[in-house]
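**Student:** I am attaching a structure below and will ask some questions about it afterwards.
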Amino acid sequence: MNASNQALTQLQHRHLLGLSAYTADEITLILDTAREFREVLERPIKRVPTLRGITVCNLFFEPSTRTRLSFELAEKRLSADIVNFSTQGSSVKKGETLKDTARNIEAMKVDMVAVRHSSPGVPHFLTRCTQAQIINAGDGGHAHPTQALLDLFTLREHFPSVRGLKVSIVGDIAHSRVARSNILGLRKLGAEVMVCAPRTLLPYNVESLGVRATCRLNEALEGCDVVMALRLQLERQSASLFPSVREYHALYGIREEHLARYPALLIMHPGPVNRGVELASEVVDHERSIILTQVTNGVAVRMAVLYLLAISADRIK
Ligand code: CP
């Protein structure tokens, strides 16, 4: 609830660059709105006219399966006009700068941009060189706010409340934008968060983010409601930070024996999963894995973000 104890009805932001500037009330508004869109996705005709006349560009400079398809589906379900950009096949290959790419896209009267880039800060930069509303679809190791929002939404489906929930994030915390955004979102909604990784994959002073940290997997899993496993971000590691993938799996991989030892534990993963590394293949496919539910919920959550941001910029009423 906000100060006047009234339920919030509108976001106080023009962009979604990360969750740090968003209050618990705003996050809750997005999740409540996503629940309504989730129902739309169960209908025979999964489309509403909400964003008719609004043009959204999906500007992806980095590979993506889930986020990109999910944004595109969310935009289609809301009846927006869509343009898709990927580096491959674009004039970036001919040396065009990010700023010029953005200004050219804006010249085509694009209203909103969902951007993914390997460099942290690109979404912030775009807010300074275009009038379009910017949604961060993942920027380097910095933030992936819509992933954290869909993870929170999925948790709310499985538990009465996020408050007091014990969530352990296991894996390459140091290089993970998903970990950073989830820590922010989970802490804002009152969850207890523990992070677990080899010392070399834990950020310096990670406890300052309001989490507990351990290098022992069993300590992270003991008493925990949900484990979020993360991929080793080998593309963002400049040095060899652990002896071998086989040793990593032996010490930090979640296996069937862990599911047997902790019979209420749920498994989440943002994807893409490296089977046999952070999760044993049987764990990925286990009935207590809710990884594909996360993917399903991503569409509804992104519909909610697009809708609420369009309202905050007075594009729709
Ligand atoms: N979770 C996630 O961001 O997956 P993609 O890289 O496939 O978009």
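Rule-based calculations on the coordinates, nothing more; no lab input. Computed from a predicted model, the values in this text were never measured in an experiment. Ideal geometry is used to build each Cβ from the backbone, glycine not excepted, and the neighbour counts take in all protein chains shown.
**Student:** Taking the Cα centre of segment 177-317 as origin, sum charge times position over the Cβ atoms of Lys and Arg (+1) and Asp and Glu (-1), and report the length of that vector in debye to the nearest 20.
**Tutor:** Once rounded to the nearest 20, the dipole reads 580 debye.
**Student:** Loop-only check: which GluC sites (Glu not before Pro) in segment 30-95 are DSSP coil with at most 11 other Cβ within 10 angstrom?
**Tutor:** Of the GluC sites (Glu not before Pro), the ones in loops of segment 30-95 whose Cβ has at most 11 other Cβ atoms within 10 Å are GLU42.
**Student:** Cross-link partners among lysines for LYS76, C-alpha distance below 29 Å, same-chain residues fewer than 8 apart left out?
**Tutor:** Within the straight-line cut-off, LYS76 pairs with LYS46, LYS93, LYS99, LYS109, LYS317.
**Student:** Here is a further query. Take the Cα coordinates of segment 170-211, assign each an equal point scatterer, and use the Debye formula without solvent to give log10 I(q)/I(0) at q = 0.13, 0.21 Å⁻¹.
**Tutor:** So the normalised log intensities are -0.23, -0.60.
**Student:** Provide CYS224, CYS196 in ascending order of the number of other Cβ atoms located within 10 Å of each residue's Cβ, fewest first.
**Tutor:** CYS224, CYS196
**Student:** With 10 angstrom as the radius, rank LEU29, LEU17, LEU152, LEU8 by how many other C-beta atoms surround their C-beta, starting from the fewest.
**Tutor:** LEU8, LEU29, LEU17, LEU152
**Student:** Next question. Give a residue-ordered list of calculated ³J(HN,Hα) values for segment 264-271 (Karplus: 6.51 cos²θ - 1.76 cosθ + 1.60, θ = phi - 60°; whole Hz; x for Gly, Pro).
**Tutor:** 9, 5, 9, 10, 10, 7, x, x
**Student:** Looking at the chain as a GNM with Cα springs under 10 Å, which of MET303, MET228, MET108 has the largest mean-square fluctuation?
**Tutor:** Evaluated over the chain, the most mobile residue of the options is MET108.
**Student:** Still on this structure, please answer the following. Could you let me know the centre-to-centre spacing of segment 108-167 and segment 192-260, using Cα atoms, in angstrom?
**Tutor:** A separation of 23 Å, based on Cα centres.
**Student:** Can you give the angle from 0 to 90° between the axis of helix 98-107 and the longest principal axis of the chain, with both taken from C-alpha atoms, to the nearest 10?
**Tutor:** 40 degrees
**Student:** Which number do you get for Rg(Cα) / (2.2 N^0.38 Å) in segment 85-239?
**Tutor:** Its radius of gyration relative to the 2.2 N^0.38 Å reference: 1.20.
**Student:** Compute the angle between helix 66-77 and the longest alpha-carbon principal axis of the chain, please, reported from 0 to 90 degrees and rounded to the nearest 10.
**Tutor:** For helix 66-77, the angle is close to 40 degrees.
**Student:** Could you point to the residue in ILE134, GLY95, LEU59 farthest towards the positive end of segment 1-142's charge dipole, with +1 and -1 charges on the Cβ of Lys/Arg and Asp/Glu respectively?
**Tutor:** So the residue we want is GLY95.
**Student:** Determine one quarter of the surface area of the Cα convex hull of segment 194-317, which equals its mean projected area, and express it in nm² to one decimal.
**Tutor:** Mean shadow area of the hull around the Cα atoms is 10.1 nm².
**Student:** Pairwise over distinct Cα atoms, reciprocal of the mean inverse distance: report the Kirkwood radius of the chain in Å, one decimal place.
**Tutor:** After inverting the pairwise mean of 1/r, the radius is 20.1 Å.
**Student:** Using the scaling law 2.2 N^0.38 Å as the reference, what is the normalised Cα Rg of segment 72-165?
**Tutor:** For segment 72-165, the normalised Cα radius of gyration comes out at 1.30.
**Student:** List THR55, THR97 from most exposed to least, where exposure is judged by having the fewest other Cβ atoms within 10 Å.
**Tutor:** THR97, THR55
**Student:** What does the charge dipole of the chain about its Cα centre add up to, to the nearest 20 debye, if the Cβ of each Lys and Arg holds +1 and the Cβ of each Asp and Glu holds -1?
**Tutor:** The calculated dipole for the chain is roughly 640 debye.
**Student:** State the dimensionless ratio Rg/Rh of segment 129-181 (Rg: radius of gyration of Cα atoms; Rh: Kirkwood radius).
**Tutor:** 1.07
**Student:** Given H placed 1.01 Å from N in the peptide plane, which residues other than close sequence neighbours of ILE54 have an amide H under 5 Å from its amide H?
**Tutor:** ASP81
**Student:** Given the options LEU189, LEU251, LEU230, identify the residue whose Cα lies farthest towards the positive end of the charge dipole of segment 133-251 (+1 on Cβ of Lys, Arg; -1 on Cβ of Asp, Glu).
**Tutor:** LEU189
**Student:** Please report Rg (one decimal) and Dmax (integer) in Å for the Cα set of segment 41-103.
**Tutor:** Every Cα atom of segment 41-103 included, Rg and Dmax give 14.1, 45 Å.
**Student:** Of THR9, LEU155, THR23, which is farthest on the positive side of the dipole of the chain, counting Cα position, with +1 on Lys and Arg Cβ, -1 on Asp and Glu Cβ, and the Cα centre as origin?
**Tutor:** THR9
**Student:** Let me ask something additional. Between ILE173, ILE135, ILE54, which gets the highest mean-square fluctuation from a Gaussian network model of the chain, Cα cutoff 10 Å?
**Tutor:** ILE54
**Student:** Between GLY138, GLY298, GLY276, which gets the highest mean-square fluctuation from a Gaussian network model of the chain, Cα cutoff 10 Å?
**Tutor:** Of GLY138, GLY298, GLY276, the Gaussian network model singles out GLY276 as fluctuating most.
**Student:** Let me ask you something else. Enumerate the aspartates and glutamates that LYS166 could reach by cross-link, defined here as Cα to Cα under 19 Å, with residues fewer than 8 away along the same chain left out.
**Tutor:** ASP151, GLU157, GLU192, GLU207, GLU219, GLU222, ASP225
**Student:** Determine the dipole magnitude for segment 1-115: charges of +1 sit on the beta-carbon of Lys and Arg, -1 on that of Asp and Glu, nothing else is charged, the reference point is the Cα centre, and the result goes in debye to the nearest 20.
**Tutor:** 380 debye
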